[in-house]
Amino acid sequence: MHFHQILLFIIHKLSGQRSENAPYYLLKGKKSGQTIQDVTYFQLHAFFSILPQLSKEDYDIGINELHNRDLIQVEESLVYITEKGIATVGEGKEFLFNGWEYRGREQLFWKRLDLVIQTLSQFQAKEKKFVPNQKDMAIQNFVKDFLIQHNFREFNLSNDIKQEIFRLLESPLLNDLHRTLFVYRLSGYNKTGLTWEQLSRYYDLTDMNAKINFLECLHNILDNIDINTSPLLFSLAKGIHLDTPLTDSAFKTNSLFEKGYTMEEIARIRKLKINTIEDHVIEIVSSDKNFSVSAFISSEQVEKILHLSKELHTKKLTVIKNRLPELTYFQVRLALTKGEQIHG
């Protein structure tokens, strides 16, 4: 998997209805109302926040390369995929990301696993004094509790966790590169995990593409961890899966909705602008298809907006709003979001 493939796929999904920076905000996991709603509008949950450390410089380089290869074009600040780009994007394989679910937490799982493997390896070699790869005390304490809980001095723990990892790496969705990157990043007794630079050079990849392939593998493993078949890894994945995909602020707003408060009352209670509460509603609807929008818009109005959007082949708010002046921008946003939750 390559960074260019991801960019091209996202731009294709955006259908010329967003600026050339929209994919950047999506990949970074920007928690703005626009980015959150675009995740649902264009069914891009997989890519949300998969590259939180992505620099604007690296992003611009990727965009410029796609432009120079005539795969995309920018007109009036909107980015479009070209016919050549469409032909190219069709050559890609299935993406294995689950960004909406993990939002960077997969790295915490990896750090826990890395330290567990390192510790077990050292103790098997009867070398109890070593410098841990992970310096974060919260990670060290978590791993310490995990090892004590599972009686780590027994050989079976090392073997059992190895078997769980091997079983998950056998997924038919993973390729040899995925598996190799995963294994070679691990450290053990007298063996240090390879750096991104080393892996990139050996496999003729950019650092970015090496990390992307590793991330796919990590997400696929997490997606398939089950308490019955992978009890040890399930324990290591504690807290990695989101209890709620809502931001903290949207979660507080949702709690007030559940208590029966209106949008205006919530804005007053929380001392926030009504536009902010509207953004929260969009975020809530994006995450919960059962959330009722009847207090904000009728089912007839939702259908009218969705019908017009389909007829005009657009999700541009201004275009739809101009055709339905009796409705607010918030209602248009809400209908489009609700529609994708139902039909997406």
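The residue among Ser15, Phe130, Phe3 whose Cα reaches farthest toward the positive pole of the charge dipole of the stretch 1-157, with charges on the beta-carbon of Lys, Arg, Asp and Glu, is Phe130. With coordinates expressed along the principal axes, the C-alpha atoms belonging to the chain extend over 75, 53, 32 Å, beginning with the largest. The simple spin-label model puts a point 7 Å past each Cα toward its Cβ; for Thr229 and Asp176 those points are separated by 2.4 nm. On the basis of the beta-carbon distance and an R0 of 56 Å, Glu75 and Glu127 show a calculated FRET efficiency of 0.35. Counting only protein heavy atoms and a probe of 1.4 Å, the accessible surface of the chain is 50% carbon and sulfur. Shown is the FRET efficiency for Thr314 and Ser292, computed with R0 = 22 Å from the Cβ-Cβ distance and rounded to the nearest 0.05: 0.25. Placing unit charges on the Cβ atoms of the charged side chains and taking the dipole of the chain about its Cα centre, the candidate lying farthest along the positive direction among Ser49, Gln34, Thr119 is Thr119.
Please state the equivalent ellipsoid semi-axes for the stretch 184-335: what are the square roots of 5 times the Cα gyration tensor eigenvalues, largest first, in whole Å?
Each semi-axis is √(5λ); the values are 44, 23, 15 Å.
Eigen-decomposition of the gyration tensor built on the alpha-carbon atoms of the stretch 110-189 gives equivalent ellipsoid semi-axes of 23, 14, 12 angstrom, largest listed first.
Rounded to the nearest 20, the Cβ-based charge dipole of the chain about its Cα centre (Lys and Arg +1, Asp and Glu -1) stands at 900 debye.
Charges were assigned to the Cβ only: +1 to each Lys and Arg, -1 to each Asp and Glu. The resulting dipole of the stretch 226-303 about its Cα centre is roughly 380 debye.
Rolling a 1.4 Å probe over the heavy atoms of the protein chains gives the chain an accessible area of 52 Å² per residue. Charges were assigned to the Cβ only: +1 to each Lys and Arg, -1 to each Asp and Glu. The resulting dipole of the stretch 18-158 about its Cα centre is roughly 1020 debye.
In the stretch 273-321, a dipole from Cβ-located charges (positive for Lys and Arg, negative for Asp and Glu) runs towards its positive end, and of Ser294, Thr314, Ile274 it is Thr314 whose Cα lies farthest in that direction. Quote the relative contact order of the chain in percent (integer), defining contacts as alpha-carbon pairs under 8 Å separated by 6+ residues. Averaging sequence separation for qualifying contacts and normalising by length gives 19 percent for the chain. In terms of overall dimensions, the C-alpha atoms belonging to the stretch 105-156 reach 30, 22, 15 Å along their principal axes, ordered largest to smallest.
Using only helices, what value at 222 nm comes out for the chain when you add -39,500 (n - 2.57) per DSSP H run of length 4 or more and divide by the total residues, to the nearest 500 deg cm²/dmol?
Helices in the chain give a 222 nm mean residue ellipticity of -18500 deg cm²/dmol.
The values are calculated or read from the model by the stated rules, or taken from the named source; none is laboratory data. From a predicted model like this one, the values you see are computed outputs, not experimental measurements. Please note: Cβ atoms are built from the backbone with ideal geometry, for glycine as well, and neighbour counts cover all protein chains shown. Remember, those area values only see protein heavy atoms, side chains included, never the ligands or the DNA or RNA. Shrake-Rupley method; radii C 1.70, N 1.55, O 1.52, S 1.80 Å.
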